[in-house]
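Report on one structure; see the data block that follows.
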Amino acid sequence: MKVLLKQDVDNLGYAGEVHTVADGFGRNFLLPKGLAVKATPDVMKQAEAWRKRAEAHRAELRAEHDLLSEKIRAVTLTFTARAGDSGKLYGSITTAQIADKLNEKLGTEIDRRKVGGEPLRQLGEHHIPVRLSADHHPEFLVVVQQEGAPAAPAAAPAAVEPQLVVEEVEEFAEELEA
């Protein structure tokens, strides 16, 4: 089946292009969702107008993705999780958790399926890619720390005065004798 794309379709093509697709893909997916129309001679006359509109839309998206990419590259997220002695987590940090925290920090709505690939299962630093478009794949840093591990060295506890301890022991001994 020959179709004319009305919108950009991932892994297929850009708006205004004519493609030959499987009948089921065209009939069950592209046509009902309004992503394409059957490539008839009448429709082909409209193809150039769709190409121009789609190119203007892609230029807008490209500018937005450039700005968002810079913001994403500047982000560092930190997660704490329980882990064994070897650094392997007792569970994982999922892409949904990473996407939620990224969206919260940036104030955006990036789909969780576009963030990373596999859940994180090790302590340490991980570079996570975000697939904004075919041309934009910014990466940001995710740090997974051991739960309960001190974030910064704590101050040493104050030393107990020996004189005070001796007095407390003597008072306790007197109470026992009475």
Note: among Val169, Val160, Val142, just one is at pLDDT 90 or above and either among the hydrophobic types (A, V, I, L, M, F, W, C) or not assigned by TED's automatic domain parsing to the domain that holds Asn11 (or both), namely Val142
Considering only region 26-46, state which residues are closer than 23 Å to Ser133 by Cα and either in contact (Cβ under 8 Å) with a residue 40 or more places away in the chain or exposed (fewer than 15 other Cβ atoms within 10 Å of the Cβ) (or both).
-> Phe29, Lys33, Gly34
For Thr76, indicate whether it is under 28 Å from the mean Cα position of the chain (by Cα), in the same structural domain as Leu123 (by TED's automatic domain parsing), β-branched (Val, Ile, Thr) and surrounded by 13 or more Cβ atoms within 10 Å (Cβ to Cβ).
-> no
So Ala99 fits all but one of (1) part of a helix (DSSP H, G or I); (2) not assigned by TED's automatic domain parsing to the domain that holds Leu132; what number is the exception?
-> (2)
Test for Thr95: is it under 22 Å from Leu123 (Cα atoms), of a type in the set (Ser, Thr, Tyr) and touching a residue at least 40 places away in the same chain (Cβ under 8 Å) = no
Assigned to a helix (DSSP H, G or I) and out of contact with any helix residue (DSSP H, G or I) (no Cβ under 6 Å at 6 or more places or on another chain) - does that describe any residue in region 131-149?
-> no
Residue list for region 19-60, restricted to those being acidic (Asp, Glu) and modelled with pLDDT of 90 or more | Asp23, Glu60
Exactly one of Ser86, Ser92 is surrounded by fewer than 11 Cβ atoms within 10 Å (Cβ to Cβ), of a type outside the set (Asp, Glu) and either modelled with pLDDT of 90 or more or part of a strand (DSSP E or B) (or both), and that residue is Ser86
Condition check for His136: modelled with pLDDT under 90, surrounded by 14 or more Cβ atoms within 10 Å (Cβ to Cβ) and of a type outside the set (A, V, I, L, M, F, W, C) | yes
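The values are calculated or read from the model by the stated rules, or taken from the named source; none is laboratory data. For clarity, every value in this text was computed on a predicted model and none was experimentally measured. We place every Cβ from the backbone using ideal geometry, glycine too, and count neighbours over all the protein chains shown.
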